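**Student:** Below you'll find the structure I mean.
The values are calculated or read from the model by the stated rules, or taken from the named source; none is laboratory data. Keep in mind that what you see is a predicted model, and the values were worked out from it rather than measured. Positions of Cβ are backbone-derived with ideal geometry, glycine not excepted, and every protein chain shown enters the neighbour counts. Note: accessible area is taken over every heavy atom of the protein model, side chains too, but ligands, DNA and RNA are not part of it. Shrake-Rupley method; radii C 1.70, N 1.55, O 1.52, S 1.80 Å.
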Amino acid sequence: MTSQKTNSKTIKIAVVGDVHDQWEEEDGIALKHLGVDLVLFVGDFGNESVDVVRAIASLNIPKAAIMGNHDAWYTATEWGRKKCPYDRTKENWVQQQLDLLGESHVGYSKLDFPNWNLTVVGGRPFSWGGSEWKYADFYQEWFGVTSFEDSTARIVAAAKSGAYEKIIFIGHNGPIGLGERPEDPCGKDWHPIGGDFGDPDLAEAIAQSMIAGKTIPLVTFGHMHHTLRHTKKEPRKRVFTSPEGVVYLNAASVPRIVETNSGKQRNFSIVLLEGGSVSQVSLIWVGKDFSVASEEILYKKPTPVVQTA
């Protein structure tokens, strides 16, 4: 029997935070065991790690991905090009990654998922974060984008071209506006400490998409690792909820694979989308037998208070 296209169905989404070369065959098997419907990758697969992207591209589960700053590590900056380990006149690892992902790469683009009346829209690919326009030559050459305003327009156009009113945004870095403390989802935790390091173009694109009538239950991203540089007493704030009910999730739990006394464990952020909104977000660690070794609930949708006479 085919599943009905309905907003009432619970959609189980896995968000894979910054990979940084930590992707194994067991990760795909773990996702199958978890029974996820959709996988979202928020970038930083490695330093232009074509082999990692190839393995992820072959994953036989509905997916969408965006590239991170490390995914153009030897291409986007002058200092990176000087360290480039391959002959740039003969190979182009950035293009190889994009070719492997194909339509699954939603940076400045979108992917419709008819089974769930859902569109996934990507923010600016290869984002470094912050309110300074970086990689000017790179963005001009690859995307014809020369400013945050251009970038916003590209993201909004992708959102408006989506087949569905319900949109999930994915970015490598999150939007500006989630807090200025170093512990906030996109807070600056290096010297000088503090300040909002979110992306202005993504924030503006989200706002414009809402004005255009889109419903946005989830915005997810990575880049700013959960482990803070200035303190080990607490992790970064992983979830932020806006007054409009949008759930913002930072999924960058790095390293995403760790060795424990009982063997390897790998993490995934799990989002449950129910009735068109996020009902729960958790960070899970999967053990060697593919069972959930631990689960940390990061968000639960508040239960409406029933007024009694």
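**Student:** Give me the lysines in straight-line cross-link reach of Lys264: C-alpha distance below 17 Å, same-chain residues under 8 apart excluded.
**Tutor:** Once the sequence-local lysines are set aside, what remains near Lys264 is Lys288.
**Student:** Same structure again: Using only Cα atoms, what is the ratio of the radius of gyration of region 11-300 to 2.2 N^0.38 Å? Mind showing how you got there, number by number?
**Tutor:** Details: Rg = 17.8 Å, N = 290, 2.2 N^0.38 = 19.0 Å.
Compactness ratio reported: 0.94.
**Student:** Using Cα pairs closer than 8 Å and at least 6 residues apart in sequence, work out the relative contact order for region 11-300, in percent.
**Tutor:** Once divided by the residue count of region 11-300, the mean separation gives 18 percent.
**Student:** Oh, and also: Give the accessible surface of region 104-224 per residue, rounded to a whole number of Å², with probe radius 1.4 Å and ligands, DNA and RNA excluded. Show your work: numbers first, answer last.
**Tutor:** Details: 4260 Å² over 121 residues.
Counting only protein heavy atoms, the per-residue value for region 104-224 is 35 Å².
**Student:** When the accessible area of the chain is split by element with a 1.4 Å probe, what percent falls to carbon and sulfur?
**Tutor:** Exposed carbon and sulfur together represent 50 percent of the surface.
**Student:** Sticking with this one: For Lys90, list the lysines whose Cα falls under 28 Å from its own Cα; do not include residues on the same chain fewer than 8 positions away.
**Tutor:** Lys82, Lys134
**Student:** Another question, then. Can you give me the long-range amide H partners of Gly130? Hydrogens built in the peptide plane at 1.01 Å from N, cutoff under 5 Å, separation of 5 or more residues or another chain.
**Tutor:** Under 5 Å from the amide H of Gly130: Gly198, Asp199.
**Student:** Same structure, new question: Quote the Stokes-Einstein diffusion coefficient, in whole µm² s⁻¹, for region 181-241, based on the Kirkwood radius over alpha carbon pairs, a temperature of 20 °C and a viscosity of 1.002 mPa s.
**Tutor:** Estimated diffusion coefficient is 166 µm²/s.
**Student:** Using a ≥ b ≥ c from the Cα gyration tensor of region 47-188 (square roots of the eigenvalues), is it rounded, prolate or oblate, where a/c under 1.5 gives rounded and otherwise the larger of a/b and b/c decides, a/b for prolate?
**Tutor:** oblate
**Student:** Calculated from DSSP H runs of 4 or more alone, at -39500 (n - 2.57) each and per residue, what is the 222 nm mean residue ellipticity of the chain, nearest 500?
**Tutor:** Computed mean residue ellipticity for the chain: -6000 deg cm²/dmol.
**Student:** In whole Å, what are the Cα extents of region 148-284 along the three principal axes, biggest one first?
**Tutor:** So the three principal-axis extents are 50, 37, 24 Å.
**Student:** Determine ³J(HN,Hα), in whole Hz, for all residues of region 284-294 in sequence, where each value follows from phi through the Karplus function 6.51 cos²θ - 1.76 cosθ + 1.60 and θ = phi - 60°; x replaces Gly and Pro.
**Tutor:** 10, 10, 9, x, 5, 8, 6, 8, 6, 6, 7
**Student:** Identify the residues of region 51-77 with backbone N under 13 Å of a label point that sits 7 angstrom from the Cα of Asn115 along the Cα-to-Cβ direction, or state none.
**Tutor:** Residues 60-64 fall inside that zone.
**Student:** Would you kindly work out the equivalent ellipsoid of region 70-111 from its C-alpha gyration tensor and give its semi-axes, the square roots of five times the eigenvalues, largest first in whole Å?
**Tutor:** Output for region 70-111: semi-axes of 23, 12, 6 Å.
**Student:** Now, a different point. Work out how much length Ile61 to Trp133 would gain on full extension: take 0.36 nm times their residue separation and subtract the Cα-Cα distance, in nm to one decimal.
**Tutor:** Full extension of this stretch gives 22.4 nm more.
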